[in-house]
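Enquirer: I have a structure here, written as C-alpha cells, and I will follow up with some questions on it.
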Amino acid sequence: MAPVVDLREDCATRWDGTSEHTLAQSLAAPAIACIEVGLVVDEAASGAEDNDQNRLDLAVSIQSIYRQPIARAFVGAIGDRLGLDQELRDRILTVLHEALLNAVLHGHLRLEAGLRDTLGGVEASHELIKKRLASPDHSQSKVVIKARWSADRLLIAVHDNGIGFEPRKSRPEHRGSGRGLLILEAFCDSVSYQDCGRTVILGFEL
Amino acid sequence: MKCQFQQNDACVNISGEFTFADHTAFREVANRLFQAKDHTIVVELSQLQFIDSAGLGMLLIARDEASKAGRALVLSQPQGQVKRMFTVSKFDELFTIQA
C-alpha cells in the first residue's frame, strides 16, 4: 500500500469533530472516505487502483485523536462492514489505538517517554501535550488512516505528517513508548513501516 | 474508567477502559490506596474491558510507588484483552497476578 495520502475530497464525507457518535455516522456505509472539517487534504487524488467497495479512509486532526475515541469508531465501522468477531475487533482496536497515540505523541508532538516516570509526571506530560496541541504550529497536523481489505486480509495504514522515527531503535523499555511497538507486533499478523516511520501498516488475516 | 473501593480502601475494583485519558482518575485512586494501612494493595480487574500501553505504564508506576513505601501491589483477575496485554508486557514477572 502506498504511503501517500489519496483521499479524494469529492467523494469523502465530513466529520464535525464533536463526538464518537457523529464520527460513527460519518463512517457508516456506504462511506469510503471521511475528512474532519477544517482539515486541508492537499495531496493529489490517485486511487485508481483501489476497489472502492473495499476501502475506508479517515483524515483526522491530532487534537481530535487526543480528545475522541477515534480508533473505536473506526474499528466499529470496519467491523460492521466485514462482520468481524469480537476477538478480532479487540485486537484491531488495541493496535490502532496505540498507532494513533504513537503518531500524535511521538510523530507530531515529540514527547519524551521519560516525563512519565511518576504519576505526577504523567499528569504534567498531559499539560505539556495540551499546550503543544494548542500551538498554531499544529493547526493542520493530522493523521490519515487507510483500510483496505480482501476476502482473507485486512490492512490498515496509519500515516502522520510528523517527524518520523526509527522503529528498530525503539526497543521495549521497562516503561515507555517502546511497549507500544511491542503490542503492535503481538496483536497484528504483520507490521511494517514506511516513509521513515511516518506510516505503520497493520495486517490481519481474516 | 470506573472505580469502586472496598471497605478498607486497600482494594479497588477498576472497570470499563483504562487508557491514557484516565491519568487524573488513576492518580486519585492511587492516592487513596496508599492511604490505607494494609501492606498489600489489590487492584481488581475482572470487569476491566480494555487497557492501553499508557494504562500499563500507570500500573507500573503505582507498583514502584508502592514498593518505595514498603507495600505490595497485587493485580487480580485480568480478563480478555487486559490479560493478553499483561502477557505481552510480561507483567507476570513484574507483579503478583491473582487468576
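Enquirer: Per-residue HN-Hα couplings for the range A:78-91, Karplus 6.51 cos²θ - 1.76 cosθ + 1.60 at θ = phi - 60°, whole Hz, x for Gly and Pro?
Expert: 5, x, 5, 5, 9, x, 6, 7, 5, 4, 6, 4, 5, 5
Enquirer: Given the convex hull of the Cα atoms of the protein assembly as shown, what is a quarter of its surface area in nm²?
Expert: In nm², the orientation-averaged hull projection of the protein assembly as shown is 15.4.
Enquirer: Apply the Karplus curve 6.51 cos²θ - 1.76 cosθ + 1.60, θ = phi - 60°, to the phi angles in the range A:30-38 and return the couplings in whole Hz, x for Gly and Pro.
Expert: After applying 6.51 cos²θ - 1.76 cosθ + 1.60, I find x, 4, 10, 7, 9, 10, 5, 4, x Hz.
Enquirer: Grab the Cα-Cα distance for B:Ala21 and B:Gln6, subtract it from 0.36 nm times how many residues apart they are, and report the gain in nm with one decimal.
Expert: Additional length available on full extension: 3.0 nm.
Enquirer: For n ≥ 4 DSSP H runs only, could you compute -39500 (n - 2.57) per run for the protein assembly as shown, divide by its residues and tell me the 222 nm figure to the nearest 500?
Expert: Per the formula, -11000 deg cm²/dmol.
Enquirer: Working out 0.36 nm times the residue gap between A:Asp195 and A:Glu127, then minus their Cα-Cα distance, what length gain in nm do you get to one decimal?
Expert: That works out to 21.5 nm of additional length.
Enquirer: Could you give the length gained on full extension between A:Leu155 and A:Cys11, defined as 0.36 nm per residue of separation minus the Cα-Cα distance, in nm?
Expert: Gain in length upon complete extension: 49.7 nm.
Enquirer: Normalised by the residues of the range B:2-98, what does the relative contact order come to in percent, with Cα pairs under 8 Å and at least six apart?
Expert: For the range B:2-98, the relative contact order is 28 percent.
Enquirer: Amide H neighbours of A:Arg153 under 5 Å, at least 5 residues apart or on other chains, H built in the peptide plane: list them.
Expert: Placed amide hydrogens put A:Leu206 under 5 Å from A:Arg153.
Enquirer: Spelling out what I want: for every residue of the range A:135-148, take phi, set θ = phi - 60°, compute 6.51 cos²θ - 1.76 cosθ + 1.60 (Karplus), and round to whole Hz; glycine and proline get x.
Expert: With coefficients 6.51, -1.76 and 1.60, one gets 5, x, 4, 10, 5, 10, 6, 9, 10, 10, 10, 10, 10, 9 Hz.
Throughout, read-outs are computed from the coordinates displayed, never taken from laboratory work. What you are looking at is a predicted structure, and each value in this text was computed from that prediction instead of being measured.
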